[in-house]
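J.: Dumping the structure here so I can ask a few things about it.
The values are calculated or read from the model by the stated rules, or taken from the named source; none is laboratory data. Owing to the predicted nature of the structure, the values given are computational and were not obtained by experimental measurement. All Cβ positions, even for glycine, are placed from backbone atoms using ideal geometry, and neighbour counts span all protein chains on display. Side chains are part of the model used for accessible areas, which takes the heavy atoms of the whole protein and leaves out ligands, DNA and RNA. Shrake-Rupley method; radii C 1.70, N 1.55, O 1.52, S 1.80 Å.
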Amino acid sequence: MTRRSTIEFFDRIANISFNFEEALMTSASKSKVTIRDPDSGNKIIVEGDDLRVNHGEIVGGTIEGFDVVTSGGKSFLEMSGARIDARHIQGDDLSEFFQSTLELALTGNNKLLGSNLSEFLTGSTGNDVIRGRGGEDTINGSIGRDVLSGGGGNDRFVLEGNTGRDRITDFDFQGGAGFQDLIQASFDSIEEIRQSGKNTVIDFGEGDQFVLLGVNAKQIDESDFVF
């Protein structure tokens, strides 16, 4: 693996630069380890169970999630629901350690929370819960049966081929409160749009579907899609 002192943290999920080469582990307990970048003041808080630290590295225990906190104390991005055995993580420095950790995290069932900024949020290969909060977010659940929420802002929900059935909890089809959400799909056509109870099912075929909770199928038209 190529060593990089500054990496794109959560590649395809959110863009934040963090100088791992200068980063310092400022506190550590069995449930929480805090790592601070002295250049930006941003912090990464690693949460888990029975975490064990040796010479500034997490060498044991179970990593369950991350919280990226800005220098101003605001939570920029959170991920929870992971179950990663720290003994299985490889890396000679913090940069490689986190790269390896994220690769393992992206194969599990995770809960990902964005900020009030505009972000690109991408799920794992498991069943994820992704909440964009504020900002104009682009949300891709990836593989699995995911639950997606855009929050405020003009959000875009992405569905690609062979990724399964995702539910959108707050799709804004009419631009209420000045917000207009869109569906971005990598398909040539839609097989069917149908009503299922109080929800709308958009079926692209081969098991790829978006379910819009609390939305009437008659209210969905071509203006809601980007192909």
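J.: Which condition number in (1) surrounded by 12 or more Cβ atoms within 10 Å (Cβ to Cβ); (2) more than 24 Å from the chain's Cα centre (by Cα) is the one that SER142 fails?
T.: Here SER142 meets the rest and fails (2).
J.: Let me confirm something: among GLY214, GLY197, GLY207, which residue is surrounded by fewer than 20 Cβ atoms within 10 Å (Cβ to Cβ) and within 15 Å of GLY141 (Cα to Cα)? Spell out how you get there, then give the answer.
T.: On the way: GLY214 fails: within 15 Å of GLY141 (Cα to Cα); GLY197 fails: within 15 Å of GLY141 (Cα to Cα).
Checking each option against the conditions leaves just GLY207.
J.: Looking at segment 60-78 only, could you name the residues that are in a strand (DSSP E or B) and of a type in the set (Val, Ile, Thr)? Quick ask: steps written out before the conclusion?
T.: Of all residues in segment 60-78, those in a strand (DSSP E or B) come to 60-69, 75-78.
Correct list: THR62, ILE63, VAL68, VAL69.
J.: Identify the residue in segment 9-38 that is in contact with a Phe, Trp or Tyr (Cβ under 9 Å, 6 or more places away or on another chain) and open to solvent by 60 Å² or more (accessible area, probe 1.4 Å) and, among all such residues, is modelled with the lowest pLDDT.
T.: Pass one, segment 9-38, residues in contact with a Phe, Trp or Tyr (Cβ under 9 Å, 6 or more places away or on another chain): 9-10, 12-18, 20, 35, 37.
From what's left, open to solvent by 60 Å² or more (accessible area, probe 1.4 Å): 12, 15, 17.
Working: ARG12: 34, ASN15: 50, SER17: 64.
Within segment 9-38, the match that is modelled with the lowest pLDDT is ARG12.
For every residue, the table says whether it meets (1) modelled with pLDDT under 70; (2) crowded, with 18+ Cβ neighbours inside 10 Å; (3) in a strand (DSSP E or B).
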position	(1), (2), (3)
ASP50	no, no, yes
ALA82	no, yes, yes
ARG87	no, no, no
PHE98	yes, yes, no
ASN116	yes, no, no
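J.: Another question, then. From the set of residues in segment 169-194 that are within 13 Å of ASN154 (Cα to Cα) and among the acidic types (Asp, Glu), which is surrounded by the fewest Cβ atoms within 10 Å (Cβ to Cβ)?
T.: ASP170
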